[in-house]
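The values are calculated or read from the model by the stated rules, or taken from the named source; none is laboratory data. A quick note: this is a predicted structure, and the numbers were derived from the prediction, not measured. Glycine gets a Cβ as well: all are built from the backbone with ideal geometry, and neighbour counts include every protein chain shown. Side chains are part of the model used for accessible areas, which takes the heavy atoms of the whole protein and leaves out ligands, DNA and RNA. Shrake-Rupley method; radii C 1.70, N 1.55, O 1.52, S 1.80 Å.
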Amino acid sequence: MLILCCGPNSYRALARARELETAFRLKHDPEGRSVERLTSGKDGVDELVGKAAGASLFSPMRFLRVDGIISSCPKAKQKALVEALSRDVDAMIVVCVEEEKPPSSVMKAYESLPKIVVNEYPLLTGHAFLTWAKDVAKSLGNIDENNVSRLASACEGDSWMFINEAIKLSAGAPLEPSSTGSEANAYDMADQVIRNDLRRRKSVDEMEFGYAETSILVQQSIAALRVNDNDTVGLPPFVVRKLQGMKMVEPNVAFAAALEMLFLQRAGFCNESESVALIP
């Protein structure tokens, strides 16, 4: 059986894959001897084909997690992959996370599979995001409903940001008016760097610039490069709209500086404050 968890909402897709693995362990393999994680992408295709040809020595059921094999599988190996996925469909569960649902032209090669399940996870906004956020908060417990609504609004559809902040709330941390303010300031600063806005120096001086802010600058500059190259698949729509309307000045320079800052910080050659000097 092949189960695809796909879509730009990577948090929900990955969460579903973890849920499936947990359920398999509880029902069929509590010791985890028949759960394997293979190489992602095209290299995982050969691994999966090889695994499918053999039988498990420990359990009649097998769970294989291998991401990106459908979108990355070379056409020359599609037939072998389909044959592998068609073996022991009741005894071998293959879970694959894809950044996007593979196009119909690609999925057509897998129509003959005896069992295939496709779970799609699009980006959520507005009421849909709030409903999801409330469900997550309920599962975590100890979060006031008003705080859930305020946090969901501040996260603007970003599932990863919401879950990180929600865990803090569940642990007893207060939700302050500026609970996402430092991140907002970091995103504003990243935008100013990408625009080569001279006012950015004041922003850097006024904020506590650390490892997290550097990571945000790397993330945003990568998104800027992708938008600049019209490679927007998988990027949140609101990020694409913002960057498309932004007058970007050499986003590759901003990316190079951010990457160098991150490297020097992690290697211990400078601290976070000193690395700011690398911003062009």
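Quick notes on this one:
- Rg to Rh, two decimals, where region 54-158 supplies the alpha carbon set and Rh follows Kirkwood: 1.14
- Cα gyration tensor shape of region 1-85, rounded if a/c is under 1.5, else prolate or oblate by comparing a/b with b/c: oblate
- Its relative contact order, with pairs defined as Cα atoms under 8 Å and 6+ residues apart, puts region 39-116 at 37 percent.
- Region 115-178 - percent relative contact order, Cα under 8 Å, separation 6 or more: 35
- Close amide-amide hydrogen proximity is noted between residue 37 and 65, each under 5 Å apart and 5 or more residues distant or on a separate chain (H modeled in the peptide plane; Pro and chain starts excluded).
- Volume of the convex hull of region 46-95 (Cα atoms only), normalised per residue: 69 Å³.
- The residues of region 11-70 present an accessible area of 54 Å² per residue when probed at 1.4 Å with all protein chains retained.
- By a 1.4 Å probe calculation restricted to protein chains, residue 270 has an accessible surface near 30 Å², given to the nearest 10.
- The chymotrypsin sites (Phe, Trp or Tyr not before Pro) of region 214-280 meeting both criteria, a DSSP state outside H, G, I, E and B (loop) and at most 13 other C-beta atoms within 10 angstrom of the site's C-beta, are 269.
- Note on Rg and Dmax of the Cα atoms in Å: of the candidates [x] 18.6, 58; [y] 22.1, 64; [z] 20.3, 64, the value calculated from this structure sits at [y].
- Per-residue ellipticity at 222 nm from helix content only, as computed over the chain with -39500 (n - 2.57) for each DSSP H run of at least four residues, stands at -17000 deg cm²/dmol.
- Globularity index of region 104-177, i.e. its alpha-carbon radius of gyration over 2.2 N^0.38 Å: 1.51
- Normalised by the number of residues in the chain, the average gap of Cα pairs under 8 Å and 6 or more apart makes the relative contact order 18 percent.
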